[in-house]
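Below is one structure; the comments refer to it alone.
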Ligand SMILES: Cc1cc2nc3c(=O)[nH]c(=O)nc-3n(C[C@H](O)[C@H](O)[C@H](O)COP(=O)(O)OP(=O)(O)OC[C@H]3O[C@@H](n4cnc5c(N)ncnc54)[C@H](O)[C@@H]3O)c2cc1C
Ligand code: FES
């Protein structure tokens with residue numbers, strides 16, 4: 001197993017009203033949101049933000065009250081010392097439906113970057129990055145960062161071609177990419193764990209990274225453990241505060257205590273999680 005080198009500590013979070021630059025449908029329920037954020041300190045792959053569920057108006061909205069966690073998909077420098085932070089989101093319920101109504105020029109409250117990032121595998125390591133559902137949005141920056149030094153292969157799964165987030169962006173990274181859809185509308189028919197099993201059977205993989213629905217991450221963790229390969233997961237538990245104050249995101253650990261997904265995660269080594277206790 002290749003060791004994981006230590007990384008610089010993540011930047012301190014800021015709270016800001018970010019300007020919506022673009023907010024468009026990408027087909028199906030998926031949307032791409034670009035925000036201009038003054039004073040953005042930069043994030044590390046795996047970190048997330050808490051977004052107000054819709055624009056900040058002259059009359060403050062308190063229903064829904066709670067912000068929603070979203071991965072930083074990618075970020076770029078912007079004019080005037082600001083940064084552009086890109087978010088990919090899927091409409092799931094009321095908060096994300098309200099987010100679709102935010103128009104360019106309006107403001108969205110953002111807190112971040114938050115959470116612990118993915119540890120990067122050592123140079124020349126052979127990594128598998130496995131994404132499913134909205135978890136795909138947490139993995140783009142990781143593949144970019146890994147590709148600079150090691151040899152990541154990307155496995156992406158979705159229910160259908162319409163559901164798959166960011167396929168063209170991942171393809172443009174030029175890394176080996178396998179796509180699975182449950183209805184066969186793109187790539188292989190079936191679950192993303194099938195190409196994962198095949199890749200692990202080769203015996204040359206050092207590290208698995210995974211983000212997606214809990215049953216998918218659990219299956220990745222079990223397949224990696226059976227192959228003797230280290231596995232990191234990024235949990236997508238519901239969150240209310242995002243910084244360790246409400247205890248609403250607790251995830252059970254094998255020792256019987258709890259980790260806070262927002263503060264101790266969302267990235268964990270898979271063996272740190274008691275999977276039976278997760279919702
Ligand atoms: C670290 C992390 C990163 C994520 N990244 C992404 C991403 O990049 N893209 C993406 O599409 N999704 C991402 N998700 C999932 C995303 O946060 C959820 O899909 C989103 O919160 C759904 O919000 P909603 O309001 O549309 O859905 P809802 O189902 O209406 O609400 C979501 C949850 O918020 C809580 N909630 C809502 N209203 C209340 C209330 N009044 N009181 C108490 N609790 C309430 C509930 O627990 C509810 O289940 C991420 C999740 C995490 C934890
Ligand atoms: S979301 Fe409040 S403690 Fe984690």
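The values are calculated or read from the model by the stated rules, or taken from the named source; none is laboratory data. Everything numeric here is computed off the predicted structure, so don't read it as measured data. Here the Cβ positions follow ideal geometry from the backbone for every residue, glycine too, while neighbour counts run over all protein chains shown.
The figures follow:
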{"read-out": "Cβ pairs under 6 Å, 6+ apart, first in the stretch 236-261 and in contact (Cβ under 8 Å) with a residue 40 or more places away in the chain and at positive phi, second assigned to a loop (DSSP other than H, G, I, E, B) and within 10 Å of ligand 2 (Cβ to nearest atom)", "value": "242/262"}
{"read-out": "From the options 94, 126, 90, residue that is more than 18 Å from the chain's Cα centre (by Cα) and within 14 Å of ligand 1 (Cβ to nearest atom)", "value": "94"}
{"read-out": "Per-region count, the stretch 232-258, residues within 13 Å of ligand 1 (Cβ to nearest atom) and surrounded by 15 or more Cβ atoms within 10 Å (Cβ to Cβ)", "value": "14"}
{"read-out": "Inter-residue pairs, beta-carbon under 7 Å, first free of Cβ contacts under 8 Å to residues at least 60 places away in the same chain and in the stretch 99-115, second assigned to a loop (DSSP other than H, G, I, E, B) and buried (at least 19 other Cβ atoms within 10 Å of the Cβ), 6+ apart", "value": "101/54"}
{"read-out": "Failed condition for residue 162, given (1) within 17 Å of the chain's Cα centre (by Cα); (2) in contact (Cβ under 8 Å) with a residue 60 or more places away in the chain; (3) assigned to a helix (DSSP H, G or I)", "value": "(1)"}
{"read-out": "Search result, residues across the stretch 205-255 that are part of a loop (DSSP other than H, G, I, E, B), more than 15 Å from ligand 2 (Cβ to nearest atom) and within 16 Å of the chain's Cα centre (by Cα)", "value": "212, 213"}
{"read-out": "Enumeration of residues in the stretch 146-158 that are surrounded by fewer than 22 Cβ atoms within 10 Å (Cβ to Cβ) and either at pLDDT below 95 or within 16 Å of ligand 2 (Cβ to nearest atom) (or both)", "value": "147, 148, 149, 150, 151"}
{"read-out": "In the stretch 37-74, the residues that are crowded, with 19+ Cβ neighbours inside 10 Å, away from ligand 2 (no atom under 16 Å from the Cβ) and assigned to a strand (DSSP E or B)", "value": "37, 74"}
{"read-out": "Matching entry among 24, 34 (being modelled with pLDDT of 95 or more, under 25 Å from residue 265 (Cα atoms) and part of a strand (DSSP E or B))", "value": "34"}
{"read-out": "Failed item in (1) outside the structural domain of residue 190 (by TED's automatic domain parsing); (2) assigned to a helix (DSSP H, G or I); (3) under 18 Å from the mean Cα position of the chain (by Cα), with residue 134 passing the rest", "value": "(1)"}
{"read-out": "The stretch 215-246, residues that are closer than 18 Å to residue 48 by Cβ and out of contact with any helix residue (DSSP H, G or I) (no Cβ under 8 Å at 6 or more places or on another chain)", "value": "237, 238, 239, 240, 241, 242, 243, 244, 245, 246"}
